[in-house]
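Heads up: the structure comes next, in structure tokens.
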Amino acid sequence: MRAVEPLRILPGEGVEALDQTLLPREERRLRLRTVAEVAEAIRALRVRGAPLLGVTGACGMAIAGGERGAGREALARAAAELKATRPTAADLGAMIDEALRAADAAGDDEDERRAALWRFAAEALARQRVRDAALARHGRDLPGMEGGVLTHCNTGALATGGEGTALAVIAAAWRAGRVARCHATETRPLLQGARLTMWELAALGIPATLLPDSAAASLIASGRVNAVITGADRIAANGDAANKVGTCALALAASRHGVPFYVAAPRSTFDAAAATGADIPIEFRDAAEVGGFGDQRWSPDGGDAWNPAFDVTPADLIAAIVTERGALRPPYGPAIAALTGMAR
Ligand code: MRU
């Protein structure tokens, strides 16, 4: 299978990003060479998925070092600009802060600081690949990861730059002969499931069935789903997990029918400073995204719409949170404190 490469780093120059808004119809790579271009690509979801946003944020800081200078003030301004693009994914802010620390560790010489930023960005992408592979191994044998499984949004290579999170677990369970079919929700309004997950599943050769978001509860009730597994954008210290809007409804339906609901996420997605889900900032997006898609409009112009990009699934609905260090089980508080306190 051809590896999906959502981001290529061109050290000292910029990055090449696969424009995910055009998939699966067109594979167009964009060259991003300025902080403004990186910020636009993140805001427009040309690059997306929490871990990939983290890596892209690190690249944005390296680009800032070349474009605006690698002094502390210039980098702090770029960091604030990049962090403001999308508020929910913990990885974005976490990796930008790590990039700042890497520059500071290089001292005061601007050339050294710039080189450290590019090194950090490349390492961040390489680390993500290793983490994804470990996470997939830890999730593969979970109870219920067999027969039919259900996932939401896109959590594959496109979302991380490695193998993915939840989708990597599904792929590993499929390779192990456990999973036989992956059901993918379309994921309104931006259709990450229909456009991106179905594309990745086809490339992986995994039998896949697409369903409207609104059909998920009846699919689960039909007995065709043995486990539901999704990614996360930010996980609070008590295990409450923010992910693509619609995730909480899947967890509720799974709970009603006795099906395990799992979350797969690397350590960079945990936010020890958020005590519960109530402390997680939720991104709200333009009403126009609900009333149409691309150039097509199907709702009257100017109408109101409620368009949160994420929702929070309470920890008590989550059977396990799979990380690159193993699967965490409830009660999550102590397990998350141990995980986030560990050295990298
Ligand atoms: O708005 P998106 O497409 O960036 O949302 C992505 C998700 O919700 C993913 O499930 C999450 O980032 C985990 S990615 C491995």
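The values are calculated or read from the model by the stated rules, or taken from the named source; none is laboratory data. Note that the coordinates shown come from a computational prediction; the quantities given were computed from them, not determined experimentally. So basically every Cβ, Gly included, is an ideal-geometry build from the backbone, and we count neighbours across all protein chains shown. Side chains are part of the model used for accessible areas, which takes the heavy atoms of the whole protein and leaves out ligands, DNA and RNA. Shrake-Rupley method; radii C 1.70, N 1.55, O 1.52, S 1.80 Å.
Annotations
- Test: ILE42 is more than 16 Å from the ligand (Cβ to nearest atom) and touching a residue at least 40 places away in the same chain (Cβ under 8 Å): no
- Single residue of region 45-88 satisfying the filter (more than 16 Å from the ligand (Cβ to nearest atom) and basic (Lys, Arg)) that is nearest to PRO189 (Cα to Cα): ARG77
- HIS183 vs. criteria outside the structural domain of VAL55 (by TED's automatic domain parsing) and near the ligand (Cβ under 10 Å from one of its atoms): no
- Selection of region 268-292 for residues being touching a Ser or Thr at 6+ places or on another chain (Cβ under 9 Å) and either on the phi > 0 side of the Ramachandran plot or in a strand (DSSP E or B) (or both) yields PHE270, ASP271, GLY292.
- Any hit, region 100-108, residues being away from the ligand (no atom under 16 Å from the Cβ) and either closer than 30 Å to LEU167 by Cβ or among the β-branched types (Val, Ile, Thr) (or both): yes
- Test: PHE284 is closer than 29 Å to SER218 by Cβ and surrounded by fewer than 19 Cβ atoms within 10 Å (Cβ to Cβ): yes
- Search result, residues across region 190-216 that are open to solvent by less than 20 Å² (accessible area, probe 1.4 Å), in contact (Cβ under 8 Å) with a residue 60 or more places away in the chain and either part of a loop (DSSP other than H, G, I, E, B) or under 20 Å from GLY139 (Cα atoms) (or both): GLU200
- Search result, residues across region 293-344 that are on the phi > 0 side of the Ramachandran plot and part of a loop (DSSP other than H, G, I, E, B): GLY294, GLY302
- Sole residue being farther than 17 Å from ALA337 by Cα, assigned by TED's automatic domain parsing to the domain that holds GLU163 and hydrophobic (A, V, I, L, M, F, W, C), chosen from ALA278, ALA274: ALA278
- When region 207-222 is filtered for residues that are touching a Cys at 6+ places or on another chain (Cβ under 8 Å) and under 8 Å from HIS183 (Cβ atoms), the ones remaining, listed by number, are ALA208, THR209.
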